[in-house]
Amino acid sequence: TDLQDPSQRPNTATVIMLLGLSVALIAVVRAMPPMLFMDPGSDLVDPWGLLIPAPNALSRSPTMVSPPANYTAGATVFAAFTADGPGAPTYEVFVAIGRPGEPIVRQVSKEGDAAGVSVLRWTTEDFVHWAPSPMEVLFLPNGAPGDVNAPRDGNIWTVKSMDRNTTHYLLFAYYGDSAATFVSPRALTTHSFKPTLAGGNFKDHDDTNLIYSRTEGHWVDMQIFGAPWLLANGSSTVCPHNLSDNGGCEGGPRVVTARTSVDGIVWTGDYGCANPARDAPFNPQKRSECIEFNESGLIRPSRTEDPPELQFYRIRPFYVGDSGRLAAHTLQYAASPAEVNNVSNYGYWGPYCPSPDGSGFIMCHKGKGYGRMHGPHIMEEWWVSSSSQTGPEDFSGWQRPFKRFRAVTENVWLMSQPVVYNEQHVWVADTGVFSIPEYRIAGISAPANGEFSTKPFPFTSQSLWLNVDASWGGDLVTQGCDEGCAAYVMVEMQYANDSTLVPGFERGNCMLLNITGQQVPLRWTGNPQPPPNGTKIMLRFYFRDATIYALGSNPQ
């Protein structure tokens, strides 16, 4: 499902429950990318009623497990893909091995530590049985494949993210004080990552989050970036309430910006910087400070709907199945006051900053008045793209309709992008495997009666399906059912040019009651005459106490 060329995807089979009564087996060969309903502002036409975004949280799999690495000693899953090759889908997961900590390595100690980082590759077909790859993923100057004790590149102190296009894998690591990319051919026999530019590609960076834009055909780094503190009215302010941060709170909150690159070697400057401009030349070996900021080139927390001290710690963008739409898993944090954050056993970094004399990891900054690093984290939320978004760096297309929602309900680091397995979006993490049903990251819900139409699309003879949850539950003790059995969905077909009804495709002829499924067929009673193929149509949904996630099609 993560292959760049959709024609290489194998057909799969899907079991669909029809009104809870019968089962049909349908080969999934999608005629059009699924139309997702994630963003109320761009996915809905002519809405009526109270329609609200409905996100879902990941759940831990009771059977699937992470690759067998020593995570307490510093291993971290940071990338996952569907592996190339014939036969059943095989999944490859990349694990960084190095000093333990944040989460791949703890920060460099004052005494120095040149242990460095290596990267290993594991494969699986079911996320239960794992095989170490015969490939040696090189950050290792020498040593046996898979040997966690092999020599490591001591200049690399953390590995951040990785993606691929049709020909190569590209990986971001921190090489000394530089962000550096490493490239490996997309081949079946070897992964041999080599640096693209001696000394690193740029120095002014925080967290780097790599994705290949399938629409724009270039690499995008969704980069964390320090910007000024702002009040609700947009005016500059100072760090609020003596908050504690490893960079010093006066340095400004962490927000999201972007860099882009055609080849993964030469990168633009930060989109969030107006001076120097993003297309201004820079020396990769020198840090470039932003003198003037470009607010349209960054994403910051809402100044009215988020806590005033909220910051973005990391963002991992990804494509949602084969829909062509983007989503992102974003980790937030809000620092605590220095008095609290300097207590040695407080928060994530407490155990790593134990010494009252200031020794220990350099990022702790004990005794300097602004405490240790990044803490504490508070929520991991979904970002979703608008239907008109042109690529990850199109910031106007990113939406945050799920503020104060925890995408992961456990205390866990998710560093990797997901893959699709067994009709689930699957994240492999250090502490387990987490999943959500395919195309159910977020949908549109109506607590009472609601309506909306799809965007126009050409009618074909292929069967339409709906990813929907309109299930019932909660019978009354006195028999019957009230609030728990209110869910319904009715679907009407309309001509797109004037929103008039296609005869025979009235809403009362396509009614879904007490049903949930990822591909529920849409069928109208009476076998009405369909419009000619290619006719532009819209579907109008009438629903209550239900969530609609996606619309797609299959061959009949």
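The values are calculated or read from the model by the stated rules, or taken from the named source; none is laboratory data. Given the structure is predicted, the values throughout are model-derived calculations rather than measurements. Positions of Cβ are generated from backbone atoms using ideal geometry, with glycine treated the same way; all protein chains shown enter the neighbour counts. These area figures cover heavy atoms from the full protein model, side chains too; ligands, DNA and RNA do not enter into them. Shrake-Rupley method; radii C 1.70, N 1.55, O 1.52, S 1.80 Å.
Worth a mention:
- Considering only the Cα atoms of region 261-300, their convex hull presents on average a projected area of 3.2 nm².
- For His168, residues with placed amide H under 5 Å, excluding near neighbours: Arg186
- Cα-based shape type of region 388-485, given that a ≥ b ≥ c are square roots of the gyration tensor eigenvalues and the cut on a/c is 1.5: oblate
- Taking only protein heavy atoms and a 1.4 Å probe, the accessible area of region 411-556 is 48% carbon and sulfur.
- Prolate/oblate/rounded call for region 415-556, Cα gyration tensor, a/c under 1.5 rounded: oblate
- In order along region 496-505, the phi-based Karplus estimate (6.51 cos²θ - 1.76 cosθ + 1.60, θ = phi - 60°) of 3J(HN,Hα) comes to 6, 6, 9, 6, 8, 5, 6, x, x, 9 Hz; Gly and Pro are listed as x.
- Ranked by the mean number of other Cβ atoms within 10 Å per residue, highest first, peptides 431-443, 524-536 order as 431-443, 524-536.
- Restricted to Cα atoms, region 277-345 shows a radius of gyration and a Dmax of 17.5, 49 angstrom.
- Three semi-axes describe the equivalent ellipsoid of region 480-531; taken as square roots of 5 times the Cα gyration tensor eigenvalues and ordered largest first, they are 25, 12, 11 Å.
- Label-point gap, in nm, between Asn165 and Lys536 - each point 7 angstrom along Cα→Cβ: 3.3
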